[in-house]
Each structure stands twice: as C-alpha cells, then as structure tokens.
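**Q** Sharing a structure below in structure tokens format, with a few things to ask.
Every number in this text was worked out from the coordinates using simple rules, so none of it is lab data. Bear in mind the structure is a predicted one, so any value in this text is a computation, not a measurement. Ideal geometry is used to build each Cβ from the backbone, glycine not excepted, and the neighbour counts take in all protein chains shown.
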Amino acid sequence: MDLSDIYPSFNIDFDGMAEAIRDNGYKKVLVQVPEGLKRGAPHMIEKLEKATGASILLDGDPCFGACDNSSTKATEMGMDALIHLGHSDIPSMERHPSMPIHFFPVGMKVDRKILNEGIRELLTSVREDRIGLATTVQHIHLLNEIKVMLKVAGKIVHIGQPGKREFFPGQVLGCSFHSPRSIASEVEAFLYIGTGRFHPMGMFFSIRKNVYCLDPMTGRISIFEAREMDRFVRVRHSQITRAQNLMDKGERVGIILCEKPGQKRSTLATSLSEELDGKGIKNEMIVMDHISPMKVKVLGFSIVVSTACPRIAIDDHRSYSGEGIVILTPVELRIALGNMDIEDYLLDEEW
Ligand code: SF4
C-alpha cells in the first residue's frame, strides 16, 4: 500500500510491516516511529490494523535511533513484537531476548533531476579519481545509483563495509564511521550524501581526507574543510577547560549511564569512574533513559560526562551551558584529566 497521502516525502514499506505481522501471527504489536514521522503515525496505524487485524499500540515517547528501541517496553506491555520504523538495526546492540524486533528503515524521496544536476556540479569540482561513498540510512537506496553515475564519469568508486553498529555497506551513524574508515586507504576523497555537518565532520576526523557533501534534496555541493574541524575543536576545548576549572574547585562529576539498549555502556562508565577516582575527583554514576539538562540540574551537577549517544554532548552543549552545566564526551573527560592530549581529539564512536 502506498502511504504517499500520509507521508509524501518518504518511502515506507507498509506492505513489509503488514506481512511481518500476518506471517508471524502477531496479535499485539508495539510500533515505534521517529520524531519526523510521528504526526502521520495514528493514520498509518489505523491502516495497519485494518490490513492485519492485529491490535497495534503506538509508542508516543521520543525515538532518535535504533539504539533507542522499545523492546523492554513492548515486553512489559505484553506485546508479541516490536516494529521499529525509520532506522536500520544495530547488529551489536543488546535487545530483550524474548521480544522480536522488526526494523523498517525509511528512505527519503529524491527529485532525480535535482540529484543529477548535483552530481554534474560535483564532477566539476572533484579533482580526485578514487572516491569513497557514504550516507545515512535515509539515502542508502541512492548509493548504488550514484556509484554508477560516478563510474560512468570515469571515477573509481568504493563503498565500505558496515561495522558492529551499521547495517548497510556505506552507511554512517553519528556514533560510527567504520564504513568509510574501512576503505580509507583505497580512496583519495569521500562523497557524503546527506544533509548537516555532523556526519561529514565525523568522516573527516576519522579519515583526514577531503569529504565532499552532496545534499540530495537541493543538489547543493559543499566540502568539509579542516578549518571547520579546527573551529569545532576550539569550541570543545573551551568546554574541556571549563570542566578542568570546576574539577580543580572540587566539583563532583556526574557520569551518565543511559538505559537505552544501544547506548548502554556500563564498562566505559565504570572505567571513567576509576579514572576520576585515580585523580581524586569525586564522581557519581547516574542512570537515565531520556537525558536532559533539567534532569542533570535537579541533581546539582555542574559537570557531567555522557556515555550515551555521542551527539548529546556535542549538539546540546548550549542547552546544558544555559543551565550552568558542562557536558563532555568520554574522550573529552580524558583530555580534561590529562590522560589524553587535545591534539589526539576524536569523536566518541564505534563502541
Ligand atoms: S547512539 Fe546516537 S548517533 Fe548512534 S544510532 Fe543512536 S541516536 Fe544515532
């Protein structure tokens, strides 16, 4: 069934979801949808109930990735299965042993004319001959098509293999750049297909080669430059320095341990606690599901290190600063403690 009336910009495998429910004889199913698809979800659920006869419960809590799957909630609610829409599976992730999870990634529809124009413009600026491709799951269906277009133009094109957290060749996550890294020695530059600067920055940090970016929705081409990385490191360095000053004044450090199945890093949290103990710095571990500045503020911490999604400390640091809190990644805490050098700064990824 075509869901264009509900989601005109996305390709959603409605028939696949209905088949998974019918073929497995599920009677009660929890459906999780990402934030960008929430608005149309009640209409989609109504159609799914009609198509399958199953009773479908919509998970209304925020969902930002496959790492955030509700398998425990589905078990507690007595469901037969969980359908997780929007993201691909994270193979290495812990999951509730008795709850089947069906992942249905969602692709964004792209105007082929705009894409073709973008590729044409790209070819006028890319000097390198050997190119690696990478993208997020929303555009993964474009990779082979773009590979062919570049090959026809005479480029040698490689697509890297997934690591422990990615599902598809060529896929990148905000917490893993394994796939481009796996082909780093075979290519001279990368092409990232997608929007935003976080993923190209992660690729650049990881590989230190030119990363060209093609926004497939607008056809706009850009390049991620070393000076963007330098600017980013300067901002993070100021946070690290603030944390050092607070620790020097005897402030206690909160170590956030996330409950979400694909973000839970107990071993890392314990090891950070030991490193802080080793420097005589008071610290406490805090367990949270959804992490927010207000939750941290109520506990009275002015420094926290997040072992959860690496993007929280990077993307949300201003909201934390607004509440008088410095939030660091594990790498940044190690720099603050003098256990790592700022010159060796890395994004927190691929665990
Ligand atoms: S941990 Fe963060 S970056 Fe990684 S999949 Fe989850 S939401 Fe995405």
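**Q** Under a 10 Å cutoff between Cα atoms, tell me which one of 231, 197, 208 has the largest fluctuation in the Gaussian network model of the chain.
**A** 231
**Q** Using the Karplus curve 6.51 cos²θ - 1.76 cosθ + 1.60 with θ = phi - 60°, what ³J(HN,Hα) values do you get for each residue of region 328-340, in whole Hz, with x for Gly and Pro?
**A** Those phi angles translate into 10, 7, x, 4, 5, 4, 5, 5, 4, 7, x, 8, 8 Hz.
**Q** May I pose another question? Quick check on the chain: helices-only [θ] at 222 nm, where DSSP H runs of length 4 and up contribute -39,500 (n - 2.57) each and the sum goes over total residues. Nearest 500, please.
**A** Result for the chain, helices only: -10500 deg cm²/dmol.
**Q** How big is region 277-337 in terms of Cα radius of gyration and Dmax, in angstroms?
**A** So, for region 277-337, Rg and Dmax equal 11.2, 30 Å respectively.
**Q** Which of the residue pairs 38/264; 113/260; 73/295 have a Cα-Cα distance greater than 32 Å in the structure shown?
**A** 113/260
**Q** How long are the three semi-axes of the equivalent ellipsoid of the chain, in whole Å, if each is the root of 5 times an eigenvalue of the C-alpha gyration tensor, listed from largest down?
**A** Ellipsoid semi-axes (Å, largest first): 34, 30, 16.
**Q** Counting other C-beta atoms within 10 Å, which of 123, 337 has the fewest, and how do the rest follow?
**A** 123, 337
**Q** Let me ask you something else. At each listed q (0.12, 0.13, 0.15, 0.24 Å⁻¹), what is the log10 of I(q)/I(0) that the Debye formula gives for region 10-107 modelled as equal alpha-carbon point scatterers?
**A** For region 10-107, the Cα-only Debye profile gives -0.32, -0.38, -0.51, -1.46.
**Q** Can you compute the charge dipole magnitude of region 192-303 about its Cα centre, using +1 on each Lys and Arg Cβ and -1 on each Asp and Glu Cβ, nothing else charged? Give it in debye, rounded to the nearest 20.
**A** That gives region 192-303 a dipole magnitude of about 260 debye.
**Q** Return 329, 72 ranked ascending by Cβ neighbour count within 10 Å, so the fewest neighbours appear first.
**A** Ranking 329, 72 by Cβ neighbours within 10 Å, fewest first, gives 72, 329.
**Q** Now for a different question. In a shell of Cβ-Cβ distance under 14 Å around residue 129, excluding residue 129 itself, what net charge do Lys and Arg (+1) and Asp and Glu (-1) give?
**A** Overall, the nearby charge balance is +2.
**Q** Okay, moving on. If you wrap a convex hull around the alpha carbons of region 235-344, what volume per residue comes out, as a whole number of Å³?
**A** 93 Å³
**Q** To continue, here is another question. Please enumerate, by chain and number, the aspartates and glutamates with C-alpha under 19 Å from the C-alpha of residue 50, excluding those fewer than 8 residues away in the same chain.
**A** In chain and number order, the partners are 2, 5, 13, 15, 19, 23, 59, 80.
**Q** Still on this structure, I have one more. Give the span of region 112-224's Cα atoms along each principal axis, as three whole-Å numbers ordered largest to smallest.
**A** That gives 34, 26, 22 Å along the principal axes, largest extent first.
**Q** Next up: When a footprinting reagent is the concern and you count Cβ atoms within 10 Å, what order do 111, 348 take, fewest first?
**A** 111, 348
**Q** What ratio of Cα Rg to 2.2 N^0.38 Å holds for region 196-248?
**A** Scaled against compact globular proteins, the figure is 1.47.
**Q** Now for a different question. Relative contact order of the chain: what whole-number percent is it, with Cα pairs under 8 angstrom and at least 6 residues apart?
**A** Here the relative contact order equals 13 percent.
**Q** For residue 279, which lysines qualify as cross-link partners when the Cα separation must be under 18 Å and same-chain residues fewer than eight apart are set aside?
**A** Partners found: 249.
**Q** Of 17, 108, 203, which is farthest towards the positive pole of the chain's charge dipole, taken about the Cα centre with +1 and -1 on the beta-carbons of Lys, Arg and Asp, Glu respectively?
**A** Positive-end residue among those listed: 203.
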